[in-house]
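**Q** My questions all concern the structure below.
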Amino acid sequence: MNNFLIVFKKELKDIFRDRKTIIFSILLPILVFPLIFNVMFKGMEDTSKKATENISIAIKGDKNSSINNILKSQENITIKDVEDPSKELKDGNIQLIIDIPKDFDKQIAEGKKVDVQMLVDESSNNSSVASNFVEHLFNGLSDKIVADKLTAAKINPDILKPFEVTVKSGVSEGDINPMATGFMNMIPSLIIILMISPTLAIAADLGAGEKERNTLEPLLSTSCNRNSLLWGKIVAMSIVSAIALILSLGSMYFAMQKLPGLEDGFSLSLTPASFSFILLISLLLLVAICSLETCVSVYAKSVKEAGTYLSGLITPFMILSYVPVFMDAKNTSMLIFNIPVANSVALMKEVMAGVFNPTHIGIVFAWHVAYVILAVLCAKYMFSKEEVVFRA
């Protein structure tokens with residue numbers, strides 16, 4: 001135990017002594033996440049605002065209709081007379097083309113159903129935002145026409161809407177917030193990614209870095225046994241990664257508080273049981289991944305080579321972490337609970353949704369215990385092979 005603590009303290013000191021590790025693994029995510037979220041959502045907000053402040057459209061067909069008049073009455077809409085509307089739309093000079101059938105008002109007065117086409121550029125955000133604005137105007141005009149006809153027939157227009165449907169959450173208090181719900185679905189995947197990312201640089205240095213500095217051989221020649229050396233490295237790496245994860249999630253959480261759509265705040269309503277399951281799953285997976293990374297780092301001849309191998313090792317883990325993101329947390333396929341990393345995310349989503357399925361929990365924890373045992377045994381084997389440890 002004393003040997004383990006000595007190695008553990010030594011590795012922690014080495015990690016925190018390296019300024020690059022502190023900056024890129026811990027400090028950078030804390031600063032970057034608020035910046036990314038604010039720039040991203042500010043850009044979305046500005047795009048939406050600009051798109052509705054000045055909408056340029058072209059009219060085809062009946063240019064003397066009530067639809068044309070309502071468009072002219074809007075201060076933020078400019079009607080352009082162009083020779084080739086389709087080309088202008090493609091080039092981004094106009095946002096919409098409105099095709100109004102001939103004798104629009106006459107057909108409406110006769111009670112006929114008229115088809116007004118609104119042509120958009122689906123590759124342009126401005127065109128999409130403008131189409132929503134104009135569609136809202138047209139819906140208002142359509143409702144007014146219907147209401148006027150009903151009133152003329154001495155019928156109350158409210159008869160068209162005999163009841164209103166209000167959608168509220170049936171499992172929690174307050175209104176439904178789609179943005180908050182979407183972010184909650186992303187949290188398990190973010191936990192995996194933010195947990196793994198800091199380990200790359202640390203793992204490369206703990207094995208291959210020791211070889212390059214010629215400090216691994218003297219370390220192995222001490223009275224410290226290789227098991228203590230191995231566990232000291234794995235635990236040190238896991239703790240630093242856990243710290244980076246907590247700080248990154250904290251930074252992300254506070255950044256989310258001021259985003260559009262979350263002005264009332266963003267809360268994580270996790271029960272102690274949910275939090276405990278998420279913590280335990282994360283720790284087991286982290287130990288398994290750190291053990292595998294230690295294997296790779298010890299095998300590599302240099303930090304550069306270790307970085308190449310580690311990137312190849314981690315990439316599949318990150319891809320798998322996205323597999324369950326858009327799946328229903330309460331109806332996930334049993335297959336997902338048997339896929340590494342994906343089963344971690346799936347179970348986290350379940351417990352965050354308040355679902356505690358004993359079968360799913362048992363399967364996932366059994367797999368995670370197996371991951372840890374196999375990864376640690378692999379790391380021990382690599383440390384026991386002289387031709388691997390002293391490979392240069």
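The values are calculated or read from the model by the stated rules, or taken from the named source; none is laboratory data. This is a predicted model, so every value here is computed, not measured. Note that we place each Cβ from the backbone using ideal geometry, even for glycine, and neighbour counts take in every protein chain shown.
**Q** Being touching a Ser or Thr at 6+ places or on another chain (Cβ under 8 Å), farther than 14 Å from Leu220 by Cβ and modelled with pLDDT of 85 or more is true for just one of Ala366, Ala379, Ala370. Which residue is that?
**A** None of the other options fit; the residue is Ala379.
**Q** Report, by residue number, each residue of region 27-53 that is of a type in the set (A, V, I, L, M) and modelled with pLDDT under 75.
**A** Across region 27-53, the qualifying residues are Met40, Met44, Ala51.
**Q** Mind checking which residues of region 338-363 are closer than 11 Å to Leu285 by Cβ and touching a residue at least 40 places away in the same chain (Cβ under 8 Å)?
**A** The answer is Val341, Ser344, Val345, Leu347, Met348.
**Q** Now a separate question. Just to be sure before I move on: is Val345 hydrophobic (A, V, I, L, M, F, W, C), surrounded by 19 or more Cβ atoms within 10 Å (Cβ to Cβ) and not in a loop (DSSP other than H, G, I, E, B) in the structure I sent?
**A** yes
**Q** Go through region 10-34 and count every residue that is free of Cβ contacts under 8 Å to residues at least 40 places away in the same chain and either within 20 Å of Arg226 (Cα to Cα) or outside the structural domain of Thr222 (by TED's automatic domain parsing) (or both).
**A** 1
**Q** Anything in region 115-154 that is closer than 17 Å to Pro85 by Cβ, surrounded by 15 or more Cβ atoms within 10 Å (Cβ to Cβ) and hydroxyl-bearing (Ser, Thr, Tyr)? List them, or say none.
**A** Ser124, Ser127, Ser131
**Q** Counting residues that are buried (at least 18 other Cβ atoms within 10 Å of the Cβ) and within 37 Å of the chain's Cα centre (by Cα), which helices (runs of 4 or more DSSP H) fully inside region 21-114 reach at least 1?
**A** Helices (runs of 4 or more DSSP H) meeting the threshold: 28-53, 85-91.
**Q** Kindly check whether there is at least one residue in region 364-372 that is assigned to a loop (DSSP other than H, G, I, E, B) and either closer than 17 Å to Ser274 by Cα or touching a residue at least 40 places away in the same chain (Cβ under 8 Å) (or both).
**A** Scanning region 364-372, I find no residue that is assigned to a loop (DSSP other than H, G, I, E, B) and either closer than 17 Å to Ser274 by Cα or touching a residue at least 40 places away in the same chain (Cβ under 8 Å) (or both), so the answer is no.
**Q** The conditions are (1) of a type in the set (A, V, I, L, M); (2) assigned to a helix (DSSP H, G or I); (3) modelled with pLDDT of 70 or more, and Ala180 fails exactly one of them. Which is it?
**A** Ala180 satisfies all of (1) of a type in the set (A, V, I, L, M); (2) assigned to a helix (DSSP H, G or I); (3) modelled with pLDDT of 70 or more except (3).
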